[in-house]
Amino acid sequence: MRNFTQRALDFVDLLVLWPFGPFVEPFTQPMSSTPESPTTASRSDEPFPDHHNDLVATLKFAWQMVGRGVQDRRSAFHTPVLATQGIDGPQARVLVLRAADVALRSLTFHTDMRSAKLPELASDNRVAVTFYDAARKVQLRLNGVASVQANNTLSHQRWAAARPSSLRCFLGARPGELSPVPTSGLPAQLEGREPELHELAVAEPNFAVLQVAVQRMEWLHLHTRGQRRALFTWAGGEPGHCTMQWLNP
């Protein structure tokens with residue numbers, strides 16, 4: 001019987017590009033409910049999913065859910081919570097998941113260079129990312145190290161590929177800055193409309209790509225017939241060295 005490490009590498013063959021790196025093709029296995037219409041509660045007679053008692057299949061399914069979060073704006077995994085260590089203690093915020101690379105175990109987000117999270121990451125680049133799908137009752141907790149890419153090839157590519165509507169916020173005032181009145185932070189001429197490409201040019205220096213290299217993944221599936229919790233860790237940062245363990249929920 002092949003060991004867990006070899007089996008874990010098998011699903012790399014399923015990689016497809018999205019949008020600047022690969023992710024596992026989402027939800028290729030039969031499921032009791034489709035991604036578009038998941039069940040809202042675990043019934044006492046609901047069968048266990050195929051991956052329920054299989055660590056390798058659980059890891060594969062977890063990355064599929066992350067891949068779906070990139071592809072589908074309606075997915076609960078589209079907007080995870082990123083936590084950093086700030087001056088006043090832990091700081092957490094919701095970010096949009098922009099890309100995921102299974103081979104490199106990396107997550108990609110966009111951020112503002114003027115954001116308070118940047119000096120936090122400069123001081124301590126260890127982060128936690130939490131996903132939760134209430135319909136499927138799945139929680140995924142990831143730990144890793146973050147890096148910020150700005151004014152380089154990657155950031156220029158992602159800026160050019162993004163929709164103007166998603167870049168409009170970078171034209172605004174510094175995030176978190178005090179204001180004497182309710183405000184969107186945007187210049188008056190941009191209120192209520194999408195900016196033109198030439199108007200966005202001055203905002204690109206405020207744009208950065210935040211990447212998280214995942215070192216630890218903890219899976220939790222809530223089910224009335226028996227919950228499952230599992231831990232996956234990668235030693236030395238190498239994809240082939242994955243330790244898989246069941247945990248007491």
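Read the figures in this text as sums done on the coordinates, not as results from a lab. Values in this document were obtained by computation on a predicted structure and should not be read as measured data. Please note: Cβ atoms are built from the backbone with ideal geometry, for glycine as well, and neighbour counts cover all protein chains shown.
The table that follows gives values for the structure above.
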{"read-out": "Estimated inter-spin distance, HIS52 and VAL96, nm [label 7 Å along Cα→Cβ]", "value": "3.7"}
{"read-out": "Extension reserve of the ARG225-ALA122 stretch, reckoned as 0.36 nm per residue once the Cα distance is removed", "value": "32.6 nm"}
{"read-out": "Bins of 10 Å from zero: percent of alpha-carbon pairs in the stretch 119-249", "value": "10, 26, 27, 22, 13, 2"}
{"read-out": "Mean shadow area of the stretch 48-161 over all directions, Cα convex hull, nm²", "value": "8.3"}
{"read-out": "Filtered GluC sites (Glu not before Pro), the stretch 165-207: DSSP coil and at most 11 other beta carbons within 10 Å", "value": "GLU177, GLU191, GLU196"}
{"read-out": "Sequence of ARG168, ARG216 once ranked by neighbouring C-beta atoms within 10 Å, starting from the fewest", "value": "ARG216, ARG168"}
{"read-out": "Residue (of ALA208, LEU178, ALA188) at the positive-pole extreme of the stretch 172-214, dipole from beta-carbon charges", "value": "LEU178"}
{"read-out": "Contour excess over end-to-end distance, with Cα ends at VAL145 and GLN157 and 0.36 nm allotted per residue", "value": "2.1 nm"}
{"read-out": "Calculated from backbone phi, Karplus (6.51, -1.76, 1.60) coupling profile of the stretch 162-168 in Hz, x at Gly/Pro", "value": "6, 6, x, 5, 7, 9, 4"}
{"read-out": "Sequence of VAL94, VAL56 once ranked by neighbouring C-beta atoms within 10 Å, starting from the fewest", "value": "VAL94, VAL56"}
